[in-house]
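Notes for the one structure printed next.
The values are calculated or read from the model by the stated rules, or taken from the named source; none is laboratory data. None of these values were measured; they are calculated from a predicted model. Positions of Cβ are generated from backbone atoms using ideal geometry, with glycine treated the same way; all protein chains shown enter the neighbour counts.
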Amino acid sequence: MKVSLLIFTALILMACPSYDDHFSGTYREDTSLTTFSGEARTIELFRFGDNVQALVRYYKRGSDPFEREARCEWTKAATFSEDGFSLPLLSTRSRINIKAQFLSEDRLSFSFDGADGAFSKPAPFQRFSDTPDKKCTTIDDTLISANFDFAANRFEPGVFELNNPVFVLMWLGVDVIQKDTLFTFAKTQKKGPWVRIGKSHTTQDQQGLKGVLHFFLPPPDISVLTASGDTRFSIGHPIVVEDEEGDTGNFTLEIGDEKVIASAIKNGTRPGISPEGSDNFGRAIFFVEGALDDLSDALQRQFRNVKEVDVNQHFYVVEIYSRGEEIKEIRFDPNNDVELNILITEAYLNHSELVLPRLVPLRL
């Protein structure tokens with residue numbers, strides 16, 4: 001969500017003389033009464049006239065659940081009722097509807113229900129302050145270009161024919177699960193922006209790709225953010241998939257049935273450039289929720305060329321060098337070139353899972 005829109009929203013709230021009535025305030029999640037997943041929430045509630053609006057804050061894991069803020073999101077304004085009200089998040093990518101119910105004068109329950117039918121158990125929130133805080137700094141979407149425009153970016157005759165190609169950005173992460181002293185690491189993945197590739201970006205014989213796609217990339221979903229140091233990160237890989245169904249509507253990725261036919265990562269090494277032990281190289285998107293300097297020292301030791309890089313820009317198009325799925329080295333570009341070369345490849349045609357590089361969790 002654009003900062004300008006949030007500032008506009010905040011100005012509306014500031015202009016309303018009644019937003020400081022006794023319903024408004026900061027409400028903290030009562031983590032002692034909920035199954036605390038490691039991310040606590042507060043809700044800044046603004047009541048103005050017959051309407052209400054809220055700002056949701058999310059906090060990072062720590063001994064104090066409300067010590068380190070991770071992100072914040074505005075809701076849309078809605079009709080207020082003491083019997084309960086509903087607040088859709090303003091962000092189109094979140095698609096969450098927050099339902100509120102008063103438990104007492106100073107306590108509310110909030111449930112966070114998704115547009116896909118997923119719903120959460122109502123969680124109790126306790127009034128912490130009578131004055132809501134309207135400050136919210138968000139991460140803007142960033143412009144990315146996927147470049148297919150190479151003369152040899154095609155399959156050899158008889159290898160594969162493109163019928164329903166789809167460009168998709170895949171976010172990859174690692175979920176770290178702790179039970180007592182035992183740690184379990186599970187791969188996570190979620191598709192980001194996607195678009196069906198039309199005739200203007202495919203060759204006449206349906207054997208190859210051409211042209212350039214431009215798109216705005218929002219931050220990845222929280223489900224694929226991996227904790228590191230005092231912040232979180234994810235790796236984004238642009239790929240092209242042959243959609244088995246060829247629907248004109250939504251796209252669901254089923255690796256195994258739907259083949260990866262192009263990627264920004266390719267097999268091989270760059271003589272004199274690739275680090276020892278790597279067998280793949282290419283470009284990917286590195287997203288960090290906070291600053292690069294907030295990442296763990298162990299992770300930062302895998303970085304190269306970071307001295308002239310803006311550590312607070314969140315999105316980085318980087319060169320990665322890997323051995324299979326394990327990233328060996330990440331090299332930053334001080335100019336932060338937003339173009340990624342997407343190349344036709346046979347490397348993934350026989351794979352039944354998404355085999356793309358990600359950072360090994362033991363190095364976080």
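Descriptive notes on the structure:
- Looking only at segment 252-281, residues that are within 21 Å of the chain's Cα centre (by Cα), closer than 16 Å to GLU319 by Cα and not β-branched (Val, Ile, Thr) come to 2 in all.
- In segment 255-265, residue modelled with the highest pLDDT [restricted to those that are in a loop (DSSP other than H, G, I, E, B) and more than 21 Å from THR202 (Cα to Cα)]: ASP257
- Qualifying residue in segment 199-208 (condition: in a strand (DSSP E or B), assigned by TED's automatic domain parsing to the domain that holds PHE332 and either closer than 30 Å to SER296 by Cβ or not acidic (Asp, Glu) (or both)): yes
- In segment 159-182, of all residues being modelled with pLDDT of 85 or more and assigned to a loop (DSSP other than H, G, I, E, B), the one that is nearest to THR252 (Cα to Cα) corresponds to ASN164.
- THR252 passes every criterion in (1) in contact with a strand residue (DSSP E or B) (Cβ under 6 Å, 6 or more places away or on another chain); (2) within 21 Å of SER352 (Cβ to Cβ); (3) not in a strand (DSSP E or B) apart from (1).
- Test: residue in segment 267-278 that is closer than 17 Å to GLY192 by Cα, in the same structural domain as ASN164 (by TED's automatic domain parsing), surrounded by 13 or more Cβ atoms within 10 Å (Cβ to Cβ) and not basic (Lys, Arg): no
- Filtering segment 32-83 to residues that are at pLDDT 80 or above, of a type in the set (Gly, Ala, Ser) and either assigned to a strand (DSSP E or B) or closer than 29 Å to ASP140 by Cβ (or both) leaves ALA40, ALA54, ALA77, ALA78.
- 3 or more residues free of Cβ contacts under 8 Å to residues at least 24 places away in the same chain and not basic (Lys, Arg): qualifying strands (runs of 3 or more DSSP E) within segment 101-151: 107-114
- For segment 266-320, a residue qualifies if it is among the hydrophobic types (A, V, I, L, M, F, W, C) and not in a strand (DSSP E or B), and the qualifying residues are ILE273, ALA291, LEU292, LEU295, ALA298, LEU299, VAL306, VAL309, VAL311.
- When residues in segment 84-132 are screened for being more than 12 Å from TYR27 (Cα to Cα) and modelled with pLDDT of 85 or more, 14 of them pass.
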